[in-house]
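The values are calculated or read from the model by the stated rules, or taken from the named source; none is laboratory data. This is a predicted model, so every value here is computed, not measured. Reconstructed Cβ throughout: ideal geometry from the backbone, glycine too, with neighbour counts over all protein chains shown.
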């Protein structure tokens, strides 16, 4: 569990950076910006500390190589697997969206979009999805899962990284007006960011859904031996959510809207149910290839390859 504790420490380091260095960074940087925003400046400081700590931890844990981080496929093969997984991930998410529309849980927002706007929106969703996926998958399913798996095996690694994956999605940004920024704004931001965990029942459905998604991504990572497919699947799901949020609103009159959850109006019991269905499809598509002659240590925690059809 040493590796898990180190990665929790990295997350804590990033949050501490917001509290301790957020205000000094604001004083230094804000005069140079036309529209300074405290949450953005302090978050960037926290992210910078996290990255520095990550580089040190990766070297200390001996995971600072392409194979350990999940990037060991040739560039063309890696990009190909990402592309296929983006399409597959978006395709898997569509039944959930269609269910929401069929039961009037969502309603169109604003005027209908023309073809050009749809293309722009979809491309924006894919770019956003890939950006988010590369960062999160490199940290969680790349470095963190590998480090824990070497110590405790694949199952525990998938479980723990999925818990962290679900947790960090609730660390929402708290906005502080420029006129109200003071030396305690970092503490205020962190306090309000973590306040959501004081109402666990409000986020239970979304947390379980995100945890289930984390398990699926971890399973795919272990079976494929790299993070190309997890990046693609993650990006495909984010892209669909991005487009749906931009083109629809949650219906206040639908008796089924409770299935969308309160946290973000999308991730809830319905998506959790469909995620379990996704799991069947992903388990079949990314089924492991039998590798003869593996020793007991490999059977306990090794990453194997797969043969998709």
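Residues that are touching a strand residue (DSSP E or B) at 6+ places or on another chain (Cβ under 9 Å), surrounded by 15 or more Cβ atoms within 10 Å (Cβ to Cβ) and closer than 18 Å to residue 72 by Cα are absent from the range 121-144 altogether. When each of 61, 69 is tested for being farther than 21 Å from residue 133 by Cβ and crowded, with 19+ Cβ neighbours inside 10 Å, the lone residue that passes is 61. Within the range 111-128, the set of residues being part of a helix (DSSP H, G or I) and over 18 Å from the mean Cα position of the chain (by Cα) comprises 115, 116, 117, 118, 119, 120, 121, 122, 123. Of the residues contained in the range 219-226, one or more are found to be part of a loop (DSSP other than H, G, I, E, B), touching a residue at least 12 places away in the same chain (Cβ under 8 Å) and either out of contact with any helix residue (DSSP H, G or I) (no Cβ under 6 Å at 6 or more places or on another chain) or surrounded by 20 or more Cβ atoms within 10 Å (Cβ to Cβ) (or both). Just to be sure, is residue 63 modelled with pLDDT of 90 or more and part of a helix (DSSP H, G or I)? Spelling it out, it is not the case that residue 63 is modelled with pLDDT of 90 or more and part of a helix (DSSP H, G or I).
The residue that is farthest from residue 171 (Cα to Cα), among those in the range 27-50 that are outside any helix (DSSP H, G or I) and touching a helix residue (DSSP H, G or I) at 6+ places or on another chain (Cβ under 9 Å), is 33. Annotation note: of 89, 83, the sole residue that is buried (at least 19 other Cβ atoms within 10 Å of the Cβ), in contact with a helix residue (DSSP H, G or I) (Cβ under 8 Å, 6 or more places away or on another chain) and at pLDDT 90 or above is 89.
Among the criteria (1) touching a helix residue (DSSP H, G or I) at 6+ places or on another chain (Cβ under 7 Å); (2) crowded, with 17+ Cβ neighbours inside 10 Å; (3) more than 30 Å from residue 154 (Cβ to Cβ), the one residue 78 does not fulfil is (3). Considering the range 232-273, the residues that are part of a helix (DSSP H, G or I) and in contact with a strand residue (DSSP E or B) (Cβ under 9 Å, 6 or more places away or on another chain) include one that is farthest from residue 86 (Cα to Cα), namely 257. Only a single criterion out of (1) touching a helix residue (DSSP H, G or I) at 6+ places or on another chain (Cβ under 8 Å); (2) part of a helix (DSSP H, G or I); (3) surrounded by fewer than 17 Cβ atoms within 10 Å (Cβ to Cβ) is not satisfied by residue 194, namely (1). What's the total number of residues in the range 172-191 that are touching a residue at least 60 places away in the same chain (Cβ under 8 Å) and either in a helix (DSSP H, G or I) or surrounded by 15 or more Cβ atoms within 10 Å (Cβ to Cβ) (or both)? Final tally of qualifying residues: 9. Scanning the range 95-110 for residues that are surrounded by 13 or more Cβ atoms within 10 Å (Cβ to Cβ) and in a strand (DSSP E or B) yields 106, 107. In the range 2-10, the count of residues that are closer than 20 Å to residue 151 by Cβ, in a helix (DSSP H, G or I) and free of Cβ contacts under 8 Å to residues at least 12 places away in the same chain is one or more.
Out of curiosity, is residue 21 assigned to a helix (DSSP H, G or I), within 30 Å of residue 181 (Cα to Cα), out of contact with any helix residue (DSSP H, G or I) (no Cβ under 9 Å at 6 or more places or on another chain) and modelled with pLDDT of 90 or more? Considered against the rule, which asks whether it is assigned to a helix (DSSP H, G or I), within 30 Å of residue 181 (Cα to Cα), out of contact with any helix residue (DSSP H, G or I) (no Cβ under 9 Å at 6 or more places or on another chain) and modelled with pLDDT of 90 or more, residue 21 comes out as no.
Taken as a whole, the structure places residue 36 among residues that are more than 30 Å from residue 278 (Cβ to Cβ) and touching a residue at least 40 places away in the same chain (Cβ under 8 Å).
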